[in-house]
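The values are calculated or read from the model by the stated rules, or taken from the named source; none is laboratory data. The structure displayed is predicted, hence computed values, not measured ones. When we count neighbours, we look across all protein chains shown, and the Cβ atoms used for this are built from the backbone with ideal geometry, even at glycine. Please note that ligands, DNA and RNA were not included when accessible areas were found on the heavy atoms of the full protein model with its side chains. Shrake-Rupley method; radii C 1.70, N 1.55, O 1.52, S 1.80 Å.
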Amino acid sequence: MLALLVVSSAAMAAEGDGSTLPMSSITVIGVAPLPGLGVERDKLPYSVQSLSAHDMQGAGALTLSESLVRRFAGVNASDLQGNSFLPEVTFHGYRASSLLGAPQGVSVFLDGVRINEAFGGVVSWDLIPEAALERALLITGSNPVYGLNTLGGALALTTRSGLTSPGATFDVKAGSFGRERADITFGWHDDSGRHAFVAATAFGEDGWRDHSPGHLGNAFVKVGRADGLDAWEATVLAARSSLTGNGLLPSFHLADAGRTPGLYDDDRRVVYTWPDRATSRVLQGTVRGTHRFDAESALTLQLFHRVARRETVSGDVDESYARYVEDCANGFGLDGEPVSAGCSLMAGQGASLPPAVINTTTTRQTSSGIAGTWSMHAGAHRFAVGGDVQHGRVRYEQFQQSAGFTADREASAYPAAPITLFSGVSGRSLAAGAYATDTWSIAPTVHVTGSLRYSSSRVSNRLETGEGDPTADDAFAYRKLNPALGLAQQFGSGLTLFGGYSQSTRVPTAIELGCANPVEPCRLPAGLQSDPFLAQVVARTIEAGLRARSWPEGQLTLSVFRTRNQDDILFLRAPQTQQGYFANFPRTRNQGVDVIFEQRLGSVSLHASYSYLDATYDASGRIVSGERTIDATRGMRLAGLPRNTLRAAIDWAAGAGVTLGADVFAASRLATVGHEDGLRADAVAGEKARTADASVGGYALLNLRASWRPERRLELYATVGNALGKRYETYGALGDDFFPNGTLLAPHLAPGDAATARFVAPGGPLAFLLGLRYTP
């Protein structure tokens, strides 16, 4: 996989004494999904960001995704599900999300295995063995070598081994909200090249929001042998989590008289409806072998098998009740009766339909595959040729059970209520690809990189709706030849200019194909009804920039990018309904700038980056966004993505084993889902008097950290997240609040009048952690 193979000796020495953040000056990058002979980064025509295990520890973050946000330019995360281990991570506006139904645009690899799940392409961040990670690399653009889902970039995670991390380590910490975490590793190798590595993590918390406990654990084992020109290794990952994701809270209501405070405004710790639990498990095994024919050529083959299962339980407002309230707002009551009869009856006697429902889902996935790459250095050429085949099977089922709400909005199932199948899908997928890439040094300082990948995919589904027999199997085939071409020019002053073009694709997922018929629409995230054809998404990226190391112990990277997505897949409104369906949208566009600056001044290390992102619709059309139908126009912003982000970090080795550090993360305003057009739910286009600002405000967070090494191997440390106690939100969506003031909305009130609210994802409050770390 994409792997950092070599760092400068000066950087490795800095990492070893732990005094400052390391800064690598020369790097060699693997340019294929599997390890092989690398290419110097300054010869590549695209930008790559690197984060070592030492960097992750130094960031003082609780999770991997938080480390990525604090250190990688262009990366953001939303607490859309209300849990830091279940984030929606975005890079240049493209998602690597744990939320089913979210359009995925970043491919994620763990030791060369793509861990975007077969069903929905989701990334199970909670199941990644963070204690075992050696490095994370983020490559920009639609690089075709990394295959499907690489629309905006690829994230490559590599794990440690007994060769690179010998000895025992432990890291234990505890802090706010009952958080406790322990990470333990042990590595070993002998003179014959045999090696072994074990890592384990255990985490638990009460959660900072009400009813939000969670825990997870994982174990990772790697064994192998490196003997002369041959090497092999085998890994096993077992992980399990049980996490609470309490989701969005209604903030102010958009009533004509002004903004009426919602649950979030009164207390950001509360939850809207509950329970909301997700239990996940994964078992993954890999075997990999490498043979070096000589110092200039190598062949790597890898086999893997992955079994994943996720079960969710969610207490929600019953969909039939929600539809009934909407009908009352439109002048209809029970069974289409006039509002005076049906709605008045319900207003006086209470709803005859259950107002709550328990939704449960079960997803079982297996995937297996084989991949290989051959790399060679021949004169002025750096070749890599490879291919992969991956087969996946999935079974998804959603069940419903009638329930009622308690006073604190807990959905409690009626004892005699049956559990019924609402929808389900079983399917298979087969994806195969072959690629070639070559970096050709046409002159000592001029390097051209060309890449080509041919991909072929087949997806077959069988749907169940709970209303009859399963549908017949439907199969869809996708094929595409994707190219990339770029140029890097090096100058003697330490300056490199680069630029290039790249193209990649995303195949529709089962969840999108299962809800793609405007005649048989569905509601997200539940409802699979029909699976007509959807075209694959094609992303084309142009990137240009520079890398500069023109002064001692400092470097600057600047890149400008523009990606246009053809046939993007969006959720559109079905005619004359409150439901929708997935369909291809002609074009969307993501473009922007990243600037990264690093400087080391004696005992002080500085890191800063700024990102500008302009993510917009690039055509006109009617879409479903939140609870509204939006008339999207060319240039309208995509929701949930800040235009401007700034991150800065400073670490000072103060002496006597003491290190002090701080970092700042700032993000500008977000467009709220359902408010991209700037209109309120009940507003009409052109009526400026009825517009309202429901966007999510920008924010800036300060994080602090300190550590003390009484001796080289032992470290005591403390971190403070959100040190100023900033109240902020990371996501917003318009929706109907059926619990204004915490009580059930009377059905004769129109949601668009009294209960249309801006729902937000609350950001975490001030939190501290105290820890003890031992390293050999």
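Rg to Rh ratio, segment 598-656, alpha-carbon atoms and Kirkwood radius?
Rg divided by Rh gives 1.36.
Which value, in Å² rounded to 10, gives the accessible area of Lys222 with a 1.4 Å probe and all protein chains present?
Estimated to the nearest 10 Å², Lys222 gives 10 Å².
Output wanted: per-residue J couplings in Hz (rounded whole) for segment 292-304, from phi through Karplus 6.51 cos²θ - 1.76 cosθ + 1.60, θ = phi - 60°, x for Gly and Pro.
Values, residue by residue: 9, 5, 6, 5, 10, 8, 8, 10, 10, 10, 9, 10, 8 Hz.
For Arg549, tell me the accessible area in Å² from a 1.4 Å probe, rounded to the nearest 10.
Accessible area of Arg549: about 90 Å².
Quick one: with all protein chains in place, what share of the accessible area of segment 140-194 is carbon or sulfur, to the nearest percent (1.4 Å probe)?
The value for segment 140-194 is 60 percent carbon and sulfur by accessible area.
From largest to smallest, what semi-axes in whole angstrom does segment 70-151 give when each is the square root of 5 times an eigenvalue of its alpha carbon gyration tensor?
17, 15, 14
What's the carbon and sulfur percent of segment 64-128's accessible surface, probe 1.4 angstrom, rounded to a whole number?
For segment 64-128, the apolar C and S fraction of the accessible surface comes to 51 percent.
What accessible area per residue comes out for segment 150-256, rounded to a whole number of Å², with a 1.4 Å probe?
On the way: 4050 Å² over 107 residues.
Solvent-accessible surface per residue comes out at 38 Å².
Return one whole number: the accessible area per residue of segment 557-658 in Å², for a 1.4 Å probe.
40 Å²
Quick one: pull the percent of accessible area on segment 594-645 belonging to carbon and sulfur, 1.4 Å probe, ligands and nucleic acids left out.
It is 53 percent, rounded to a whole number.
What accessible area, in Å² to the nearest ten, does a 1.4 Å probe give for His607?
20 Å²
Any idea what log10 I(q)/I(0) is at q = 0.21 Å⁻¹ for segment 43-194, Debye with uniform C-alpha scatterers and no solvent?
For segment 43-194 at q = 0.21 Å⁻¹, log10 I(q)/I(0) is -1.40.
Using only the heavy atoms of the protein chains and a 1.4 Å probe, how would Leu157, Leu229 rank by accessible area, largest first? List each step's numbers first, then the result.
Details: Leu157 0, Leu229 85 Å².
The ranking, largest first, comes out as Leu229, Leu157.
Using a basic spin-label model with each label point 7 Å from the Cα along Cα→Cβ, how many nm lie between Val560 and Ala700?
So the label points at Val560 and Ala700 sit 2.7 nm apart.
Could you give the size of the charge dipole of segment 144-214 about its Cα centre, using +1 on the Cβ of each K and R and -1 on the Cβ of each D and E, expressed in debye and rounded to the nearest 20?
140 debye
Taking amide hydrogens as modeled 1.01 Å from N in the peptide plane, which residues meet the under 5 Å criterion relative to Ser124, leaving out close sequence neighbours?
Glu117
Just to make sure I understand: if all protein chains stay in place, what is the order of Asp316, Asp191 by accessible area at 1.4 Å, largest first?
Greatest to least solvent exposure: Asp191, Asp316.
How big is the C-alpha Rg of segment 128-247 next to the rule-of-thumb value 2.2 N^0.38 Å, as a ratio? Don't skip to the answer; put the middle values down first.
Numbers: Rg = 17.9 Å, N = 120, 2.2 N^0.38 = 13.6 Å.
For segment 128-247, the normalised Cα radius of gyration comes out at 1.32.
Tell me, in nm to one decimal, what length is gained between Tyr774 and Thr362 on full extension, where the rule is 0.36 nm per residue of separation less the Cα-Cα distance? Don't skip to the answer; put the middle values down first.
Values: separation 412, 0.36 × 412 = 148.32 nm, distance 4.00 nm.
That pair, Tyr774 and Thr362, stretches by 144.3 nm at full extension.
Less than 12 Å Cβ to Cβ from Ser176, Lys/Arg counted +1 and Asp/Glu -1: what total charge do the surrounding residues give?
Numbers: positive: Lys173, Arg179; negative: Glu180, Glu205, Asp206.
That sum, taken over residues with Cβ under 12 Å, equals -1.
I need the phi-derived Karplus couplings for segment 380-397: 6.51 cos²θ - 1.76 cosθ + 1.60, θ = phi - 60°, integer Hz, Gly and Pro marked x.
8, 10, 10, 8, 8, 10, x, x, 7, 9, 9, 10, x, 10, 9, 9, 10, 9
Find how much the distance from Arg462 to Ala656 grows on full extension, using 0.36 nm per residue of separation minus their present alpha carbon separation; answer in nm with one decimal. Walk me through the intermediate numbers first.
Working: separation 194, 0.36 × 194 = 69.84 nm, distance 6.53 nm.
Contour length minus Cα-Cα distance gives 63.3 nm.
So what's the convex hull volume per residue for the Cα atoms of segment 116-194, in Å³?
Considering the Cα atoms of segment 116-194, their hull volume per residue is 153 Å³.
Largest first, what is the accessible-area ranking of His211, His447 with a 1.4 Å probe?
Result, largest first: His211, His447.
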